[in-house]
Amino acid sequence: MKIVIINYGAGNIQSIKFAIKRLGYEAVLTDNVEEIKAADKVIFPGVGEASSAMSKLIDSGLDTLVPTLKQPVLGICLGMQLMCNATEEGNTKGLGIFDVNVVKFSTNVKVPQIGWNQILDLKTPLFSKVEDNAHIYLVHSFYAPICKETIAVADYGIKYSAALNKGNFYGTQFHPEKSSIIGEQILRNFLEM
Amino acid sequence: MLTKRIIPCLDIKNGRTVKGVNFVDLRDAGDPVELAEIYAASGADELVFLDISATEERRKTLADLVYRVGEKVNIPFTVGGGISSIEDVDILLQNGADKVSINSSAVKNPQLINDLSAKFGAQCIVVAIDAKQIDGEWIVHLVGGKVPTELNLFDWAKEVEKRGAGEILFTSMNNDGTKDGFANEALNKLSTELNIPIIASGGAGSIQHFTDTFIKGKADAALAASVFHFKEIEIVDLKRQLKKENIPVRL
């Protein structure tokens, strides 16, 4: 199985690579269009600020590629947010895969949310063998509200999308690569789709 | 619900753990990777590695260690000690660290916080503050509490937040090493006046101290070293007790 992690200069890619290796697979970092197209599974990472990450994606020419991919694609954290219509962070237009706009948490909670929260209302095989209220690790200041593509819900002052799905595209706001055994199960579910 | 985090801290020198640890099941008591794996498996929510090496090769030794930890450990970890530039942070993140912690370098050059936050995102920038209460006022100290600055803890903490830190790791030098509990009054004030997570450090001696720092100190996370290294407190026992007290934890 060929797994690629899209390398566009925005993300702590090493920890995703390590997590995949712990599951017994190898992932290749690449920004090569043909290599990404030919992969069995594609991971779209992202940390940092949305508008600069989006600029990097546009500069690498991959912004037009990602929405056309046919194999399972997993966006993680900012990667998931960039797959939405738009994000309030830096007033950034997204890839428009998920039909939802990402907004900032209100100030009645601490921002960023950092730590372990719970996921529930789990849908799709991405969460196979994962039970409601499982703990996952998150670090974020912006969130995707609940929408028709929500496949996991978390609660931080407000209920929001902890994961999204549309066709072959999946996105998790949390970091499966840092979410202990639960995260490993979710990552394995994705890789074995 | 977001849970309160329990964070063991490992002091590192030349790629090895410094403070003695009392783990009978450790093959190599000085190997930080093995210790980190045990903590991750026993319910630690995050780990902090604090490097106190002073050698010329320290950068490379630390980067190697970070790589080896990242390979094995499936929970987030922060690396601190001697970090003073964008390049330092870049190397650590590229090798698999999730966050970095800066302390003295932020006091000497506060712009560093803005620069790091803009380049890597606030989520991976922890600013550590060591402070000592002198005649009622909390004064920021450097070099492990030895050198006083002119900065007031609360003023500095607010500036750090404004400049883009994602979290504050506050160590009370009055409490550190005493095992008499955390500095909950100061922690409460920090947690109330700021809108970023506060990690409590210094003073852990009993399970009750953790309960107190989450309730009275309103801390978002609590860090400790020796009570965990010497198995005076097992993380699973600690979390069970916290849960009984209705404090949300990951169990």
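Pick from A:Glu26, A:Glu34, A:Glu89: which is most flexible by mean-square fluctuation in a GNM of chain A where alpha carbon atoms under 10 Å apart are linked?
A:Glu34
Between B:Ala106, B:Ala41, B:Ala224, which gets the highest mean-square fluctuation from a Gaussian network model of chain B, Cα cutoff 10 Å?
B:Ala41
Quick check on the stretch B:172-251: take the gyration tensor over C-alpha atoms, sort the square-rooted eigenvalues as a ≥ b ≥ c, and tell me if it's rounded (a/c under 1.5), prolate or oblate.
Oblate, since a/c reaches 1.5 and b/c is not below a/b.
In cubic angstrom, how much convex hull volume per residue do the alpha carbon atoms of the stretch B:5-244 span?
115 Å³
Quick one: length gained pulling B:Ile134 to B:Glu159 fully straight, 0.36 nm per residue minus the C-alpha distance?
Numbers: separation 25, 0.36 × 25 = 9.00 nm, distance 2.10 nm.
Gain on extension, B:Ile134 to B:Glu159, equals 6.9 nm.
Label points 7 Å out from Cα along the Cβ direction at B:Ser84 and B:Lys119: separation in nm?
1.5 nm
If the reach is capped at under 13 angstrom between alpha carbons, list the aspartates and glutamates near A:Lys123, excluding any in the same chain fewer than eight residues apart.
A:Glu131, A:Asp132, A:Glu149
Mind computing the radius of gyration and Dmax over the alpha-carbon atoms of the stretch A:5-116? Å is fine for both.
My reading of the Cα-based Rg and Dmax gives 14.4, 46 Å.
Per 10 Å bin, what is the whole-percent P(r) computed from every C-alpha pair distance within the stretch A:3-191?
Result returned by the calculation: 10, 42, 39, 10, 0.
Under a point-charge model restricted to the Cβ atoms of Lys and Arg (+1) and Asp and Glu (-1), what is the dipole moment magnitude of the protein assembly as shown relative to its Cα centre, in debye to the nearest 20?
660 debye
How much mean residue ellipticity at 222 nm does the protein assembly as shown get from its helices, if each DSSP H run of length 4 or more adds -39500 (n - 2.57) and you divide by all residues, to the nearest 500 deg cm²/dmol?
That comes out to -8500 deg cm²/dmol.
Going by how many other beta carbons lie within 10 Å of each one, how would you line up A:Glu88, A:Glu131, fewest first? Write down the numbers at each step before the final one.
Working: A:Glu88 15, A:Glu131 10.
Fewest to most other Cβ atoms nearby, the residues stand as A:Glu131, A:Glu88.
Which translational diffusion coefficient, to the nearest whole µm²/s, is obtained for the protein assembly as shown from the Stokes-Einstein equation, given a Kirkwood hydrodynamic radius over C-alpha pairs, 10 °C and 1.306 mPa s?
Estimated via Stokes-Einstein, D reaches 72 µm²/s.
What is the Rg over Rh value, at two decimals, for the stretch A:117-193, using alpha-carbon atoms and the Kirkwood definition of Rh? Could the numbers behind the result be given before it?
Details: Rg = 11.2 Å, Rh = 12.3 Å.
Result for the stretch A:117-193 is an Rg/Rh of 0.92.
Quick note: the coordinates plus some simple rules give every number you see, no bench work behind them. Remember, predicted model here, so these are calculated numbers, not experimental data. Neighbour counts are summed over all protein chains in view; Cβ atoms, including those assigned to glycine, are modelled from backbone coordinates with ideal geometry.
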